[in-house]
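Here is the structure we will look at, set down as structure tokens.
Here, each number is a calculation from the coordinates, and none is a lab measurement. This is a predicted model, so every value here is computed, not measured. Neighbour counts run over all protein chains shown; Cβ positions are idealised from the backbone, glycine included.
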Ligand SMILES: *Cc1c(COP(=O)(O)O)cnc(C)c1O
């Protein structure tokens, strides 16, 4: 059965990508605009490091693209998340709610704050934190004391909810935000995968207190490595800039630093690449959405699989397209992954659940039955905008 299904997937991927023979990669960067010109400009003018006009320009352009007032460019998306959590008031010994089904960086950023991830199930319609399951879990497993939400089992404060927009598909932000308001939780958006995605007409990253983007090489647009902190709060933006710039107090010659901080700023040479990439974002998102709709059409005739579509009311960037086995089965999933990768069709499973990783195995977790099913059934298929 898996053999036949693998052949069918390969047929569709080759048809949609137009690559009849040889390897088809999962997600390839594209450099079709002003990338060479801007990077060369950095080298020619000696402005290659953490200050320079491209950093400022990149930050302005990200703010314009997302509609978020402040952008602070960072060395990568994980560093951006680390600062977001710190500025949301996450303290050592706290717990932070997050989906178990995500890339490991979401959990690592929490651990960098000496806090503990607390895992919640995802919704099968958004692949993000499930609002109903989150609410049920909070009702059963927490109590409010002196305005602080406590985990009844561990006794630790639960300070925040980190929401992740899986494969670029926006989470159910209105519902999640209303739960956060009800329980006094800060909402942080891990929008690493979601540049160009909108929730009810507004770019993601606008809904929580503070958000993170990533511009890693495999993301929708890239700066080589890079990320950004987004916030509409003036004070948090100022602190984010300070914390990512070694806590240096601005002065013409003096080295005064007023807190333990980080060297997390994005170099100018990376920002130059980003400026050129951003000029092509609209075109890239359009191509990715066309690709998704062609896949969707083709996979309609495959009885054992469903193509994952955006929910009503959102616009996804379709960073990585995904097909889902209608009957979750690890063995079939692994056979498909083996066969297709051997044939040069680069496919990947969704992530292992965070609570399966050794360092997060002992963390608190709600019922994760939907995540378990998705872990056994989701496969990402080639999604380059150049197809
Ligand atoms: C890519 C990614 C990150 C981290 O971004 P880096 O730039 O690679 O550090 C964080 N969270 C999620 C969900 C991601 O996909």
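Details
- Highest mean packing first, where packing is the average number of other Cβ atoms within 10 Å per residue, the peptides 193-206, 257-270 line up as 193-206, 257-270.
- Highest mobility in the GNM of the chain, judged by mean-square fluctuation with C-alpha springs under 10 Å and restricted to 138, 213, 374, is found for 138.
- Taking the centroid of alpha carbons for each part, segment 59-91 and segment 281-340 are 29 Å apart.
- Take every DSSP beta bridge whose two residues both sit in the chain; close to 60 percent of them are antiparallel.
- Percent RCO, i.e. relative contact order, over segment 145-256, from Cα pairs under 8 Å lying at least 6 residues apart: 17
- The order of 152, 219, going from fewest to most other C-beta atoms within 10 Å of their C-beta, is 152, 219.
- In plain terms, the residue of 43, 19, 12 with the fewest other Cβ atoms within 10 Å comes first and the most crowded comes last, giving 43, 19, 12.
- Virtual spin-label span in nm between residue 144 and residue 4, 7 Å along Cα→Cβ: 5.6
- Its DSSP H runs of at least 4 residues, each contributing -39,500 (n - 2.57), put the calculated 222 nm mean residue ellipticity of the chain at -11500 deg cm²/dmol, to the nearest 500.
- Above 21 Å, the calculated P(r) of segment 79-225 contains 38 percent of its Cα-Cα pairs.
- Calculated FRET efficiency for the pair residue 153/residue 251, C-beta based, R₀ 51 Å, to 0.05: 0.55
- Each label was represented as a point 7 Å from its Cα along the Cα-to-Cβ direction; for residue 304 and residue 182 these points are 4.1 nm apart.
- Segment 104-120-segment 29-54 distance, computed between alpha-carbon centres (Å): 34
- Centroid-to-centroid separation of segment 129-155 and segment 179-196 [C-alpha atoms, Å]: 16
- q = 0.06, 0.10, 0.14, 0.15 Å⁻¹, the chain: log10 I(q)/I(0) [Debye, one scatterer per Cα]: -0.24, -0.66, -1.22, -1.35
- Summary value for the chain: 26 percent relative contact order, contacts being C-alpha pairs under 8 angstrom separated by 6+ residues.
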